[in-house]
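No lab work stands behind these numbers, since they all come straight from the coordinates. Everything numeric in this text was worked out from a predicted model, so none of it was measured. Reconstructed Cβ throughout: ideal geometry from the backbone, glycine too, with neighbour counts over all protein chains shown.
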Amino acid sequence: MKRKGVFLLLILTMTLFLTSCWSKKELTDLAIVAAMGIDKTKDGRYHLTLQIINPGNVAGIQGGGGGTQSPPITIYSASGDNLVEASRRASGSISRRLYYAHTNLMVVGEELAKEEGINTLVDAFDRDPEFRNTSTIVIANHSTAADLVKTLTPVDKIPANKVLKTLEFTERKWGENIKTSLQEVMKSLESPGRGTVVSGFRLVGNPQQAQKLDNLQESAPGATLQASGIAVLKQGKLVDWLYGKSARGTVWILDKIQGTDININWGGRKQAIAYQTVRQKTSVSAQVKNGKPHISVHTRVLK
């Protein structure tokens, strides 16, 4: 009988610690950040652009009638001497708590990548317990990160998803771009003698038009986002861009190409036949001969 009483007392004690949610977060109190753009201002500060989801507008207008269409995202921006300060300054304009756990895309401005590099940014996000290191990182090609984050896209209502899906399918079907996560960038930066490659994205069209709902109501939008080249980083700084065959060859050497087309000459005609690759495997070996390094690349392709 005494054992039953002790057991009952233990059960009642445990229920006291299980009746509340100490870390609960109400959805109505959160501002979900889908994408983040980082640029450098003229005075050397960080300019943060946040793409925040409007949940009620993503699903479209409920019911019928003559409702007014609203954008699926809202843009907030702020500047600071570091990313923490910029983020906290941005919270002064938002009625909800900034929530970075669903941030799938980080865009770095080209000028920032050239002048300062991405080492400081990667280190800052790696230390943030809320930010996921599986987020995809891209570099704005001949554009600012703010312009890319602000652009509205016609098919994918969340512009961040447009960038992520474009990288995924172009890597699978064509091979001139590569989807790189923050974790992969960190590993490459920590490996001595190893370069880092990150896909580029650019805004095609007028940046002002890209931010308007009118751009989504045209069959051929006047401004859109497009995958553009591969950025080559040395010690975290942008040093060059690769396009076309050079970009595809780089992805091939890295053994990350999933599919592409190869054109060959036939019957006196140039590029008359197109082969579609199904599977491929690339191996790279290096050795020193007569004091000079020799690198061999072996690729096996099934078509």
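Below is a table of values for the structure above.
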| read-out | value |
| --- | --- |
| Relative packing of peptides 31-43, 122-134 - highest average C-beta neighbours within 10 Å first | 31-43, 122-134 |
| Ordering of 157-168, 73-84, 279-290 by burial proxy (mean other Cβ atoms within 10 Å per residue, highest first) | 157-168, 73-84, 279-290 |
| 16 Å reach of a label modelled at residue 54, 7 Å along Cα-to-Cβ, counting backbone N of region 209-231 | 210-217 |
| Computed E for residue 126/residue 275 - FRET, C-beta separation, R0 45 angstrom, nearest 0.05 | 0.60 |
| Length released on extending from residue 187 to residue 26, taking residue separation times 0.36 nm less the Cα-Cα span | 54.5 nm |
| Virtual paramagnetic centre 7 Å along Cα→Cβ of residue 155, amide N under 11 Å, in region 168-186 | 169-170 |
| 5 angstrom amide H check on residue 238, placed H, neighbours 5+ away | 114, 117 |
| Residue-averaged 222 nm ellipticity for the chain, from DSSP H runs of 4+ at -39500 (n - 2.57), nearest 500 | -8000 deg cm²/dmol |
| Cα long-axis angle, helix 2-18 against the chain (0 to 90 degrees, to the nearest 10) | 60 |
| Rounded, prolate or oblate (a/c below 1.5 giving rounded, otherwise prolate when a/b exceeds b/c) for region 260-303 by Cα gyration tensor | oblate |
| For Cα extents along the principal axes in Å, calculated from these coordinates, the label among [x] 55, 46, 33; [y] 59, 39, 39; [z] 90, 63, 45 | [z] |
| Rounded tilt (10° steps) of 159-173 against the dominant C-alpha axis of the chain | 40 |
| With Cα atoms, 0 to 90° folded angle of helix 244-253 axis to the chain main axis | 70 |
| Cα gyration tensor, region 97-163 - rounded (a/c under 1.5), prolate or oblate | oblate |
